[in-house]
Amino acid sequence: MPPLMRCLRRVFSLPLGSPLVALCLLAAALAGCAGPRPVPVSPLVRGMAGQMLLVGFRGAEPGLGAAGELPILRQVVELNLGGVILFDRDVAAGNAERNIRTPEQVARLNAALSTVAREAAMLPLFIALDQEGGRVQRLKPIHGFPDSPAAAQLCPGGDSALAFATGRAVGGTVASVGFNLDFAPVADVNVNPANPVIGGIGRSFSADPHAVAFCAGAFADGLHESGVLTAAKHFPGHGSSTTDSHLGFTDVTSTWTEAELIPFRALMATGQADMIMTAHVFNAHLDPKYPATLSRAVIGGLLRGSMGYDGVVVTDDMQMRAVSAHYGLKEAIRLSIDAGADILLFGNNLEYDPKLPEKALAIIVELVAEGQVSPERIRQSWKRIQTLKSHLNGAAGG
């Protein structure tokens with residue numbers, strides 16, 4: 001019997017004014033205020049949680065670094081990371097030195113990343129990038145890669161042939177240097193041509209949602225032909241925004257319409273979207289409190305409920321100011337997991353922290369230990385990730 005219970009049993013046999021009565025009552029009050037103690041989290045659940053993280057890092061050559069190799073190679077194994085993302089430019093440092101220099105160098109880096117995961121008998125590592133074409137392509141001609149046109153140029157008159165051919169070319173390029181996941185195609189409808197982050201820089205295929213669905217699907221088919229996974233973005237639609245969610249709060253309440261869901265419905269129905277990437281946009285009609293990435297109403301209710309999607313949901317970069325300026329790291333992680341996100345993307349580029357992967361995993365484990373996230377919720381996301389990774393060559397299944 002716990003000491004507090006023994007103490008309380010004795011209380012009932014003592015006079016009311018006894019000092020022991022007062023001590024026991026105080027102990028009971030303190031025990032009640034303390035709340036439930038954190039419970040140990042099993043290594044299995046910790047490993048599953050690691051698969052929910054997809055992170056960016058600094059460094060271009062796997063053999064360079066303070067410890068003789070890039071820290072990310074160790075982090076992949078020690079944290080059982082689900083994936084990494086590469087960039088050509090280091091935003092936080094304000095220079096063009098990040099992960100990409102030449103095709104040969106990128107192939108070496110990605111081969112090293114794949115190898116450490118395989119040798120550790122992990123699930124295959126997602127090795128991702130944003131290679132849309134136009135303004136958003138990490139593999140640029142300056143680094144020795146072929147140029148790709150923007151989405152706005154790929155769907156003239158609704159003809160998808162060019163979109164498919166470009167998707168196939170992009171897929172061949174990224175696969176040739178070891179990438180297996182392209183955060184493309186953009187499924188946003190060009191509602192606002194002056195949109196600073198979508199229409200204004202040519203990232204949308206069309207102002208017609210059906211044309212977007214058709215041409216984004218063709219681009220995805222081209223990527224699939226090269227064995228590259230896709231992520232349709234940015235759910236539930238970023239095309240009507242007037243501000244950039246990289247920079248701050250982005251409200252589409254008065255501009256968004258349900259027509260912006262049409263491309264996502266189509267890509268999900270045909271299996272052309274291997275993942276759905278969420279937007280950090282706020283829409284009071286869908287959720288009066290949280291932006292889509294952190295919203296149970298948007299992800300759990302609309303996407304998974306009404307639209308019937310049970311595949312992998314990946315967040316947009318959790319360090320974008322639309323999230324990071326308004327929510328602490330632990331709160332944002334808790335909300336996104338509770339909302340139904342499976343993979344939390346941390347570009348580690350808008351801000352840089354070499355220990356970010358460890359911190360993010362520690363927070364997920366802490367949330368499970370505290371009972372704020374259930375082990376079953378972690379297992380649910382792990383199963384979705386495992387299923388998707390089984391389509392990658394060399395799936396280890398562990």
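Out of all the residues in the range 347-369, is one or more within 28 Å of HIS224 (Cα to Cα) and touching a helix residue (DSSP H, G or I) at 6+ places or on another chain (Cβ under 6 Å)? There is at least one residue in the range 347-369 that is within 28 Å of HIS224 (Cα to Cα) and touching a helix residue (DSSP H, G or I) at 6+ places or on another chain (Cβ under 6 Å). All of ALA231, ALA211, ALA216, ALA194 fail the test of being in contact with a strand residue (DSSP E or B) (Cβ under 6 Å, 6 or more places away or on another chain) and either on the phi < 0 side of the Ramachandran plot or assigned to a helix (DSSP H, G or I) (or both), apart from ALA231. Does PHE87 meet the test of being touching a helix residue (DSSP H, G or I) at 6+ places or on another chain (Cβ under 9 Å), hydrophobic (A, V, I, L, M, F, W, C) and in a loop (DSSP other than H, G, I, E, B)? No, not satisfied. Within the range 142-191, the residues that satisfy the criterion of being out of contact with any strand residue (DSSP E or B) (no Cβ under 9 Å at 6 or more places or on another chain), buried (at least 20 other Cβ atoms within 10 Å of the Cβ) and outside any helix (DSSP H, G or I) are CYS155, SER160, VAL177, VAL189, ASN190, VAL191.
The set of residues in the range 371-388 being exposed (fewer than 15 other Cβ atoms within 10 Å of the Cβ) and β-branched (Val, Ile, Thr) consists of THR387 alone.
Scanning the range 256-294 for residues that are small (Gly, Ala, Ser) and assigned to a loop (DSSP other than H, G, I, E, B) turns up GLY271, ALA273, ALA279, ALA284. Scanning the range 29-53 for residues that are of a type in the set (A, V, I, L, M) and either in contact with a His (Cβ under 9 Å, 6 or more places away or on another chain) or at pLDDT 90 or above (or both) gives VAL41, LEU44, VAL45, MET48, ALA49, MET52, LEU53. Within the range 211-234, the only residue that satisfies the criterion of being crowded, with 23+ Cβ neighbours inside 10 Å and aromatic (Phe, Trp, Tyr) is PHE219.
Go through (1) surrounded by fewer than 17 Cβ atoms within 10 Å (Cβ to Cβ); (2) of a type outside the set (D, E, K, R); (3) at pLDDT 95 or above and name the single condition ALA96 misses. Among (1) surrounded by fewer than 17 Cβ atoms within 10 Å (Cβ to Cβ); (2) of a type outside the set (D, E, K, R); (3) at pLDDT 95 or above, ALA96 violates only (3). Reported count of residues in the range 305-328, each being buried (at least 17 other Cβ atoms within 10 Å of the Cβ), farther than 22 Å from VAL186 by Cβ and not hydroxyl-bearing (Ser, Thr, Tyr), is 0. I'd like to check something: does the range 249-256 contain any residue that is surrounded by fewer than 21 Cβ atoms within 10 Å (Cβ to Cβ) and either outside the structural domain of VAL212 (by TED's automatic domain parsing) or under 27 Å from ALA92 (Cα atoms) (or both)? So far as the range 249-256 goes, yes, one or more of its residues are surrounded by fewer than 21 Cβ atoms within 10 Å (Cβ to Cβ) and either outside the structural domain of VAL212 (by TED's automatic domain parsing) or under 27 Å from ALA92 (Cα atoms) (or both). Of all residues in the range 295-330, those satisfying the criterion of being farther than 20 Å from ASP251 by Cβ and outside any loop (DSSP other than H, G, I, E, B) are GLY300, ARG304, GLY305, SER306, VAL312, VAL313, VAL314, LEU329, LYS330.
Name the single residue that is nearest to GLY311 (Cα to Cα) among those in the range 335-371 being assigned to a helix (DSSP H, G or I) and free of Cβ contacts under 8 Å to residues at least 60 places away in the same chain. This residue is ALA339. Of all residue pairs spaced 6 or more apart or on separate chains, those with beta-carbon atoms under 6 Å, a first member in the range 42-65 that is charged (D, E, K, R) and a second member that is crowded, with 17+ Cβ neighbours inside 10 Å are ARG46/VAL365.
For the range 203-210, state whether one or more residues are within 26 Å of PRO288 (Cα to Cα), buried (at least 19 other Cβ atoms within 10 Å of the Cβ) and basic (Lys, Arg).
So far as the range 203-210 goes, no, none of its residues is within 26 Å of PRO288 (Cα to Cα), buried (at least 19 other Cβ atoms within 10 Å of the Cβ) and basic (Lys, Arg).
Against the list (1) over 21 Å from the mean Cα position of the chain (by Cα); (2) of a type outside the set (Asp, Glu); (3) assigned to a loop (DSSP other than H, G, I, E, B); (4) over 30 Å from VAL368 (Cα atoms), the condition ALA121 fails is (4). Close contacts from the range 71-100, counting a first residue that is closer than 14 Å to PRO124 by Cα and assigned by TED's automatic domain parsing to the domain that holds ALA49 and a second that is hydroxyl-bearing (Ser, Thr, Tyr) and not in a strand (DSSP E or B), with Cβ to Cβ under 9 Å and a gap of 6+ residues or different chains, come to LEU73/THR115.
Against the criterion of being within 17 Å of PHE179 (Cα to Cα), hydrophobic (A, V, I, L, M, F, W, C) and surrounded by 15 or more Cβ atoms within 10 Å (Cβ to Cβ), VAL91 does not qualify.
Somewhere in the range 289-304, is a residue in contact with a Pro (Cβ under 6 Å, 6 or more places away or on another chain), surrounded by fewer than 24 Cβ atoms within 10 Å (Cβ to Cβ) and charged (D, E, K, R)? No, there is no match, as no residue in the range 289-304 is in contact with a Pro (Cβ under 6 Å, 6 or more places away or on another chain), surrounded by fewer than 24 Cβ atoms within 10 Å (Cβ to Cβ) and charged (D, E, K, R).
Going by the conditions given, is LEU344 at pLDDT 95 or above, surrounded by fewer than 20 Cβ atoms within 10 Å (Cβ to Cβ), in contact with a helix residue (DSSP H, G or I) (Cβ under 7 Å, 6 or more places away or on another chain) and closer than 21 Å to PRO291 by Cα? No: the conditions fail for LEU344.
The values are calculated or read from the model by the stated rules, or taken from the named source; none is laboratory data. Given the structure is predicted, the values throughout are model-derived calculations rather than measurements. With ideal geometry, Cβ positions are generated from the backbone for all residues, glycine too; neighbour counts draw on all protein chains shown.
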